[in-house]
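We did not get these values from a lab; they are worked out from the coordinates using the rules stated. Source: prediction; values computed, not measured. All Cβ positions, glycine included, derive from the backbone under ideal geometry; neighbour counts span all protein chains shown.
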Amino acid sequence: MTDRRRINGPPEGTTPLEFLTGFTHQSVIKRSPTTLRKIFLKTSLTPPATGSAFLELPTPSSPSTPTLKLTASVYGPRPLPSATAFSPNARLTAELKFSPFSTPGRRRGYIRDGVERDLSAQLSLALVKSVDVGKYPKSAIDVFVSVLDCEGGLGDPGDGKGGGGVEVGLMGVLAAAISCASAAIADAGIECFDLVAGGVAGAMLERDGDVEVGRVGEGGDSGGARPRGEHARKVTLVLDPSPAGDYVILAAAAVGYMAAKDELTLVWTKGSMSPSSDGTEETERLIDGAIRAAIGVRLVINEAIKERWLLGLNEIGLIKEKGVGGDGDTAMD
């Protein structure tokens with residue numbers, strides 16, 4: 001007679017499962033230094049929010065390589081409590097949070113850590129200059145960005161980054177969060193002076209004129225000194241560097257850029273420049289490259305917002321069906 005209250009084991013022996021000790025990712029994609037990765041951007045995906053957006057980078061060829069996915073939600077403008085002192089401008093707050101399962105090799109906690117608080121402060125600084133806060137006195141605008149998946153390169157143990165150099169994972173997350181949050185703010189119908197797009201550029205070791213996505217070397221360091229045997233390689237400017245690659249990044253810059261007003265809302269540089277100079281020219285070159293990347297991202301934001309508003313006008317019958325150019329999905333080549 002079988003005991004139904006007990007889960008019996010298999011009648012024969014089984015082999016235990018073996019798991020990898022660390023997360024490894026290898027990318028074999030090669031692209032020119034001035035080519036940006038494709039971006040998928042769609043708005044109005046979170047019904048309870050006033051405005052929302054979802055941003056995703058393309059899936060790499062290797063299924064084990066993670067990609068960047070994040071979502072932004074905007075709530076407001078909403079009135080502040082009556083006990084709050086009067087303010088002629090709206091109060092914009094931004095919060096960036098990594099999902100517990102978003103980072104490879106490490107499970108994040110539910111409480112924000114120092115990295116997330118720092119990124120939230122920089123995100124708020126980049127967005128507040130683009131919003132016309134004077135239109136909404138004594139109001140609050142809350143922006144929430146959730147990172148669903150991350151490419152790595154955050155400096156965490158086990159993220160698979162090797163070959164020395166500086167980490168650009170956090171820069172890529174911040175640049176994508178700026179672009180996605182700006183699209184969500186526009187989707188919410190909040191008046192802005194301009195849209196903000198994030199861009200990243202890096203100075204990397206070059207081989208044969210192309211970006212080498214394979215391993216460049218084992219002896220690179222973040223101080224800018226080249227390892228032995230690397231004297232024949234040149235340093236090239238690469239737009240939108242991927243932290244999944246194992247190339248050596250000597251220095252990088254991330255910006256928040258308003259293209260229509262030609263203004264920077266945020267500048268973040270990282271790494272060491274050439275020891276033979278003060279690094280001014282190298283820094284300007286990195287920032288100019290990051291601006292070029294932000295201009296390319298801005299085109300995606302414009303198309304995503306344009307198609308969403310055309311769909312909205314079509315729903316209320318202000319335009320004909322044939323005037324809609326898509327279903328709200330936007331991809332950049």
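Based on the Cβ-Cβ distance of Val267 and Asn314, what FRET efficiency does E = 1/(1 + (r/R0)^6) give at R0 = 45 Å, to the nearest 0.05?
Calculated transfer efficiency: 0.70.
Label-point separation (nm) for Ser82 and Asp113, each offset 7 Å from Cα along Cα-to-Cβ?
According to this spin-label approximation, the distance is 4.4 nm.
Sort 310-316, 176-182, 247-253, 299-305 for me by packing, meaning the mean count of neighbouring Cβ atoms within 10 Å per residue, highest on top.
Highest to lowest by the protection proxy: 176-182, 247-253, 299-305, 310-316.
Say each of Thr35 and Lys234 gets a label point 7 Å from the Cα, pointing the same way as Cα to Cβ; how far apart are those two points in nm?
Using points 7 Å along Cα→Cβ, the separation is 1.9 nm.
Give me log10 I(q)/I(0) at q = 0.22, 0.23, 0.31 Å⁻¹ for the range 99-152, Debye formula, one equal scatterer per alpha-carbon, no solvent.
Log-scaled intensity ratios, in q order: -0.92, -0.97, -1.32.
Compute the Rg/Rh shape ratio of the range 69-114: radius of gyration over Kirkwood radius, all on alpha-carbon atoms.
Rg divided by Rh gives 1.14.
Quick query: amide H of Arg91 versus all other amide H atoms, modeled in the peptide plane; which residues come in under 5 Å with a sequence gap of 5 or more or a different chain?
So Arg91 has HN proximity to Ser139, Ala140, Ile141.
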